Amino acid sequence: EGIKVAVFDTGLARHHPHFGRVRERTDWTGENTLDDALGHGTFVAGVIASRADCLGFAPDSDLHIFRVFTDNQVSNSYIKLFKT
């Protein structure tokens, strides 16, 4: 409790019931939406701070969500790690 966590990803699904301490949501993409249409940012936030069904590692942390990837941006850098 009292820990601040920033998630720089695809945003957070609007009105998702598993998050009780979302303190900030900001769009840096210029798309003028905070919603996560891809689901990746919501998944990452869930691993950290989900408060229902499957608890996150820090369910009482304060989430600061920064939408930095658009719905059309996908990073495949993790794929390169597994091809070596």
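The values are calculated or read from the model by the stated rules, or taken from the named source; none is laboratory data. All values reported here derive from a predicted model rather than from experimental measurement. Here Cβ is always computed from backbone atoms with ideal geometry, including for glycine, and neighbour counts include all displayed protein chains. Please note that ligands, DNA and RNA were not included when accessible areas were found on the heavy atoms of the full protein model with its side chains. Shrake-Rupley method; radii C 1.70, N 1.55, O 1.52, S 1.80 Å.
Worth pointing out:
- Within segment 20-51, tally of residues that are in contact (Cβ under 8 Å) with a residue 40 or more places away in the chain, out of contact with any Ser or Thr (no Cβ under 7 Å at 6 or more places or on another chain) and either open to solvent by 60 Å² or more (accessible area, probe 1.4 Å) or of a type in the set (A, V, I, L, M, F, W, C) (or both): 5
- Unmet criterion (only one of (1) in contact with a Pro (Cβ under 7 Å, 6 or more places away or on another chain); (2) at pLDDT 90 or above) for Gly56: (1)
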